[in-house]
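Heads up: the structure comes next, in structure tokens.
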Amino acid sequence: MRPLAVDFAPRSPWRRRSVLALATVVWALAALQGARLWQHWQAVRQQEVLAAQAQERAGLAMASERARRLAADDPVQVQRRRELQRLQTFPLAEVMRSVEQAHVVGARLTAIDVDAMSGHAQVEFEADSLAIATQLVSALRADPPHFDWQLEEAGQMSTNTFKGRISLQLTGY
Amino acid sequence: MWSVWPEPVDVYLGTRGVAVCRGSDVLHVAQPGSAEACRAELRRWAAHGRPPGLRWRVWLSGGLCQPWLVSVAQGVSSVAERALVARASLAGLGLAPDARLWIEPATLDQSAVAVALDPATANFADAWPRESGARLVSLRPWWAEALGHGLRRAARPDAVAVVDCDSVTWLAADGAGFSQAKAFTPLTEPAAIAQTIARQKLGMAAERPVVSTWTLRLDASAPRAGALHTGLPLVAFAEVAE
């Protein structure tokens with residue numbers, strides 16, 4: 001034998017609807033609160049990410065600025081920068097082309113020395129005669145005309161051989 | 001027990017009497033002579049002043065809400081089929097064919113107790129609380145509540161006899177399930193009630209069956225048994241005689 005739950009009372013639809021409505025409201029409030037919490041959390045996270053990025057950028061900028069200042073203040077760096085600038089602007093190809101084009105029969109180039117830092121170029125040669133040596137100087141001066149080659153040294157080595165040195169000092173680059 | 005809800009009002013309705021209680025307070029008692037008169041009495045009572053509560057529990061007598069046993073039947077394969085079988089037996093039991101039915105338990109592997117609710121009473125219970133501005137929270141036979149209290153006692157009874165204003169309801173066990181469920185109604189004479197219970201006891205298989213008898217008294221001189229049987233609705237009218 002067991003207890004009997006017999007109950008003929010009609011289940012109130014009003015009560016069921018109330019419970020459903022209450023459950024819906026509670027669910028909606030919970031969902032709304034959850035959504036707001038999620039948004040808040042996302043915003044906080046976004047702010048954290050932005051702050052970290054800004055901090056990183058600031059750090060990089062600061063480091064870059066420091067490096068720039070150090071480089072600007074350091075005499076060695078200043079010197080190196082100037083040298084680099086000189087090297088980059090020295091017309092080496094033009095000098096070499098001038099030397100190659102100054103071809104004179106009876107003259108032989110024995111050494112070429114170019115110092116970009118000082119803007120000095122030097123060509124050592126041997127020629128069959130002094131006249132040929134001067135022809136070589138003229139040829140060098142002909143192209144390009146703004147290169148002021150100067151015969152710096154010339155000497156007779158033997159009866160038919162002259163040795164000399166022609167130099168060029170470039171300024172203003 | 002403390003509750004956020006106000007205490008419900010217990011309304012008893014039978015074919016020979018009505019009662020209204022709130023907890024152990026008896027608000028109204030009357031013993032009209034018919035079911036129609038009982039319903040009219042309750043309507044009259046509700047019309048005279050505001051009802052004392054919004055939640056009403058209506059308890060029905062065995063004469064208005066009769067049980068009977070629905071045995072396990074071959075060929076019945078669903079709860080709906082069993083309900084059809086139970087409804088088919090209404091006329092044979094002298095009950096209205098359009099009575100409301102309740103069958104418990106819902107499983108098909110054991111005998112079930114079918115309960116029929118008188119249609120006029122069902123219509124009254126649906127409409128009357130609403131007309132009175134109250135809400136019907138339960139509509140149960142009082143004998144079912146007494147059965148529950150009887151089964152909670154230390155000495156588990158083999159049978160429970162519930163005597164109310166118009167009937168004796170007899171429920172007996174055979175192992176786990178019910179072996180008998182019937183209401184003898186109308187039955188109001190004390191001698192006839194005692195004979196009926198004695199006859200039912202003799203018909204039981206056990207040599208000395210334990211029978212828990214619960215009696216509902218609607219006369220004002222009935223002893224207040226509330227202190228003895230706390231928790232049973234209409235406790236002011238109930239007493240146990242085992």
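The values are calculated or read from the model by the stated rules, or taken from the named source; none is laboratory data. Owing to the predicted nature of the structure, the values given are computational and were not obtained by experimental measurement. Positions of Cβ are generated from backbone atoms using ideal geometry, with glycine treated the same way; all protein chains shown enter the neighbour counts.
Worth pointing out:
- Failed criterion for A:Thr134 (all others in (1) more than 22 Å from A:Leu92 (Cα to Cα); (2) part of a strand (DSSP E or B) hold): (2)
- Among the candidates B:Asp158, B:Asp166, residue that is acidic (Asp, Glu) and modelled with pLDDT of 90 or more: B:Asp166
- Single match in B:Leu108, B:Leu84 (criterion: more than 16 Å from B:Ala19 (Cβ to Cβ) and either assigned to a helix (DSSP H, G or I) or touching a Lys or Arg at 6+ places or on another chain (Cβ under 6 Å) (or both)): B:Leu84
- Any hit, region B:57-77, residues being outside any loop (DSSP other than H, G, I, E, B) and more than 18 Å from B:Trp143 (Cβ to Cβ): no
- Residues (within 14 Å of chain B (Cβ to nearest Cβ) and among the aromatic types (Phe, Trp, Tyr)) located in region A:1-39: A:Phe8, A:Trp14
- Any hit, region B:191-202, residues being under 24 Å from B:Val26 (Cβ atoms), at pLDDT 85 or above and among the aliphatic types (A, V, I, L, M): yes
- Matching entry among A:Thr171, A:Thr110 (being of a type in the set (S, T, N, Q) and either under 29 Å from the mean Cα position of the chain (by Cα) or surrounded by 17 or more Cβ atoms within 10 Å (Cβ to Cβ) (or both)): A:Thr171
- Restricting A:Ala127, A:Ala131 to residues that are in the same structural domain as A:Leu109 (by TED's automatic domain parsing) and either touching a helix residue (DSSP H, G or I) at 6+ places or on another chain (Cβ under 9 Å) or of a type in the set (Val, Ile, Thr) (or both) narrows the list to A:Ala127.
- The residue of region B:160-176 that is nearest to B:Ala198 (Cα to Cα), among those that are more than 8 Å from chain A (Cβ to nearest Cβ) and over 13 Å from the mean Cα position of the chain (by Cα), is B:Asp174.
- Residue check for B:Gly133: more than 9 Å from chain A (Cβ to nearest Cβ) and either not charged (D, E, K, R) or not in a loop (DSSP other than H, G, I, E, B) (or both): yes
- Listed by first and then second residue, the pairs with beta-carbon distance under 8 Å, at least 6 apart or on different chains, first residue in region A:89-101 and surrounded by 19 or more Cβ atoms within 10 Å (Cβ to Cβ), second in a helix (DSSP H, G or I), are A:Ser98/A:Leu140; A:Val99/A:Leu140.
- Reported count of residues in region B:147-158, each being facing another protein chain (nearest Cβ under 8 Å) and crowded, with 24+ Cβ neighbours inside 10 Å, is 1.
- Screening the candidates A:Gln85, A:Gln47, A:Gln79, A:Gln42 for the property of being on the phi < 0 side of the Ramachandran plot, away from every other protein chain (no Cβ under 14 Å), assigned to a helix (DSSP H, G or I) and surrounded by 11 or more Cβ atoms within 10 Å (Cβ to Cβ) yields one hit, A:Gln85.
- Selection count, region B:76-94, where residues are within 16 Å of B:Glu104 (Cα to Cα), out of contact with any strand residue (DSSP E or B) (no Cβ under 8 Å at 6 or more places or on another chain) and at pLDDT 80 or above: 4
- Only listed residue being touching a helix residue (DSSP H, G or I) at 6+ places or on another chain (Cβ under 7 Å) and not acidic (Asp, Glu), chosen from A:Pro91, A:Pro144: A:Pro144
- Considering the conditions (1) at pLDDT 85 or above; (2) surrounded by fewer than 16 Cβ atoms within 10 Å (Cβ to Cβ), A:Gly164 is excluded by exactly one of them, (2).
- Within region B:119-151, if we keep just the residues that are under 21 Å from B:Ala46 (Cα atoms) and acidic (Asp, Glu), the residue that is farthest from the chain's Cα centre (by Cα) turns out to be B:Glu131.
- Subset of region B:151-198 (residues that are among the charged types (D, E, K, R), assigned to a strand (DSSP E or B) and touching a residue at least 60 places away in the same chain (Cβ under 8 Å)): B:Lys182
- Check on A:Glu94, of a type in the set (Asp, Glu), modelled with pLDDT under 90 and in a helix (DSSP H, G or I): yes
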